[in-house]
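Written out below as C-alpha cells is the structure these notes cover.
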Amino acid sequence: MIREYKEIDQLLGMTIEPGDLIKLPNGDVVTIVRTESTKEGYDLFFLDLFEDEELVYSLPENEKVSLLEFD
C-alpha cells in the first residue's frame, strides 16, 4: 500500500520526539523510536521495514528534517 504524506513542519534534532514521522535528508520516511544527543548533533533511532532491527541516522546539529503527517 502506497501512503501519501504532507510536510507540516521542519525540525532540528533537539525538537524531534519519539513517535514523530519524519523524512530524513536521505529521503527515507521513518517513525522515530528515540533520539540521543552527540557531540556533532543527534542520533535518530528508528525500526527497519520489518520492525525487527533498530537503525540509526546521525543528524548534524544544524540540519533539519521534515515532519510529516498522513495526507
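Going through (1) out of contact with any Lys or Arg (no Cβ under 8 Å at 6 or more places or on another chain); (2) at pLDDT below 95; (3) of a type in the set (D, E, K, R) one by one, Asp71 falls short only on (1).
Among the residues of region 54-66, those that are surrounded by fewer than 18 Cβ atoms within 10 Å (Cβ to Cβ), within 14 Å of Asp28 (Cα to Cα) and in contact (Cβ under 8 Å) with a residue 40 or more places away in the chain comprise Lys64, Ser66.
The values are calculated or read from the model by the stated rules, or taken from the named source; none is laboratory data. Just so it is clear, the model here is predicted, and its values are computed rather than measured. Here the Cβ is made from the backbone with ideal geometry for all residues, glycine too, and neighbour counts use every protein chain on show.
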